[in-house]
Amino acid sequence: MLTRALTHASFAAEHPPAEHHEPLAFVGDAALSLVVAEHLFAAEPAAAVGRLTPLRAGLVADDTLARWAVVLELGPLLRLGRGAEQEGGRQTASILATTLEAVLGALYLDAGLPAVRAVVGRLAGWPQP
């Protein structure tokens, strides 16, 4: 599943029957959003939704996820098609962010929400239990 998480749609299009990472990114996005919402609620249980929503949005934004993908050195591991490679896809924030979401989706499917919590917590610098 990790290979699929690292496979961009451009690579899959050039190498059938390779599967791309977008469905895993869909799952990872949901798991990430839940983990972030849980953390924010635990940190500020009385906070208004109007306060928590922008905090969550900042933590799940492409630029944040792309930085985390760089920390994990996902760029060199990406399987990109020729066009995406030539356009600098390994450094493109949206591609890195989607790849991180896909990796989190694969992690969720393989190991569950506690594993996603642990990885996101470390990347975000949250205190670990």
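What whole-number distance in Å separates the alpha-carbon centres of region 7-23 and region 74-129?
When both Cα centres are located, 16 Å separates them.
Positive end of the dipole of the chain, charges at C-beta (+1 Lys, Arg; -1 Asp, Glu), about the Cα centre: which of Gly81, Pro54, Pro23 has its Cα farthest in that direction?
Pro54
Just to check I understand the Karplus step: with θ = phi - 60° and J = 6.51 cos²θ - 1.76 cosθ + 1.60, what whole-Hz values come out for region 70-86, glycine and proline as x?
With coefficients 6.51, -1.76 and 1.60, one gets 5, 4, 7, 6, 6, x, x, 8, 4, 9, 10, x, 4, x, 5, 5, 5 Hz.
7 Å from Cα along Cα→Cβ at both Leu2 and Ala37: what's the point-to-point distance in nm?
3.0 nm
Please get the size of the charge dipole for the chain, origin at its Cα centre, with Cβ charges of +1 on Lys and Arg and -1 on Asp and Glu, quoted in debye to the nearest 20. Intermediate results must be reported in sequence, preceding the final value.
On the way: 9 positive and 13 negative charges, 51 e Å.
About 240 debye.
When only Cα pairs under 8 Å and 6 or more residues apart are kept, what is the percent relative contact order across region 2-124? Display every interim value, and only then the final one.
Working: 172 pairs, mean separation 49.6, N = 123.
Relative CO of region 2-124 lands at 40 percent.
FRET efficiency for Trp126 and His15, Cβ-Cβ distance as r, R0 = 35 Å, nearest 0.05?
Working: r = 38 Å, r/R0 = 1.08.
The computed FRET efficiency comes out at 0.40.
Quote the FRET efficiency, to the nearest 0.05, computed for Glu73 versus Ala111 with a Förster distance R0 of 25 Å and r equal to the Cβ-Cβ distance.
On the way: r = 20 Å, r/R0 = 0.81.
For R0 = 25 Å, the calculated efficiency reads 0.80.
For the chain, how big is the tail of P(r) above 16 Å, as a whole percent of Cα pairs? Can you show the working numbers first?
Working: 5062 of 8256 pairs.
Tail fraction, whole percent: 61.
Every number here is computed from the coordinates shown, using simple stated rules; none is lab data. Predicted model, so just to flag it, every value in this text is computed and none were measured. Note that we place each Cβ from the backbone using ideal geometry, even for glycine, and neighbour counts take in every protein chain shown.
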